[in-house]
1. Among the residues of the range 81-90, are any outside the structural domain of residue 185 (by TED's automatic domain parsing), buried (at least 23 other Cβ atoms within 10 Å of the Cβ) and under 25 Å from residue 172 (Cα atoms)?
2. Would you tally the residues in the range 36-71 being part of a helix (DSSP H, G or I) and in contact (Cβ under 8 Å) with a residue 12 or more places away in the chain?
3. Could you check residue 82 against (1) at pLDDT 90 or above; (2) outside any helix (DSSP H, G or I) and say which number it fails?
4. Going by the structure shown, is residue 219 in contact with a helix residue (DSSP H, G or I) (Cβ under 7 Å, 6 or more places away or on another chain), surrounded by fewer than 18 Cβ atoms within 10 Å (Cβ to Cβ) and modelled with pLDDT under 90?
5. Spot the failing condition for residue 164; the list is (1) at pLDDT below 90; (2) part of a helix (DSSP H, G or I), and only one is missed.
6. Hey, any hits in the range 20-31 for a residue that's loosely packed, with under 13 Cβ neighbours inside 10 Å, over 17 Å from the mean Cα position of the chain (by Cα), assigned by TED's automatic domain parsing to the domain that holds residue 104 and not in a loop (DSSP other than H, G, I, E, B)?
7. Going by the structure shown, is residue 76 modelled with pLDDT of 80 or more and assigned to a helix (DSSP H, G or I)?
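The values are calculated or read from the model by the stated rules, or taken from the named source; none is laboratory data. Everything quoted here is computed from the prediction, not taken from an experiment. All Cβ positions, even for glycine, are placed from backbone atoms using ideal geometry, and neighbour counts span all protein chains on display.
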């Protein structure tokens, strides 16, 4: 089954480059392009892509606002933030807005393709280093994306779910967790879904933040 992708960037040459890369993959189809956030929001409504490659710095509407609107609309589309700098506050804002990952625009083609497949499968694409920076940013601003959960909220998890949460917090993919815990990947995906539901979280990025803020793992 093909993964459908919407390309969002105000630079036509970059969109062309991404289209050429993804066009070479048998399991991916570029269904549309957008030059700003407003076009991206409309494109998600019209085309219902599986994944949106979203630039953050664009005219009319920036990628952070567009990401927030896409997430709040209830769309199933997963957003991958594109940025020039790996410590870009706009990118962190995009993650807090609900993006599933973070990529540099000069990412090697195999990593781009792998990231798209990962988020389409329900994983998050956030490296441990970026995770640490994200946590630091939350703490500096005195805000967080999840609220401070009560112990009762974490107590909802089974021992196995708690174990899976720790692996999620370490930025492990479903496939990696599957290998680490000797579980079927579908079982891991089910555990992650239940964890997010029980902890009242939107996505894996919020789960990572929650785990760090509650001392389950250390930066």
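1. yes
2. Within the range 36-71, residues that are part of a helix (DSSP H, G or I) and in contact (Cβ under 8 Å) with a residue 12 or more places away in the chain number 19.
3. Against the list (1) at pLDDT 90 or above; (2) outside any helix (DSSP H, G or I), residue 82 comes up short only on (1).
4. Yes; evaluated as a whole, the condition is true for this residue.
5. In the conditions (1) at pLDDT below 90; (2) part of a helix (DSSP H, G or I), residue 164 misses (1) alone.
6. So far as the range 20-31 goes, yes, one or more of its residues are loosely packed, with under 13 Cβ neighbours inside 10 Å, over 17 Å from the mean Cα position of the chain (by Cα), assigned by TED's automatic domain parsing to the domain that holds residue 104 and not in a loop (DSSP other than H, G, I, E, B).
7. It is false that residue 76 is modelled with pLDDT of 80 or more and assigned to a helix (DSSP H, G or I).
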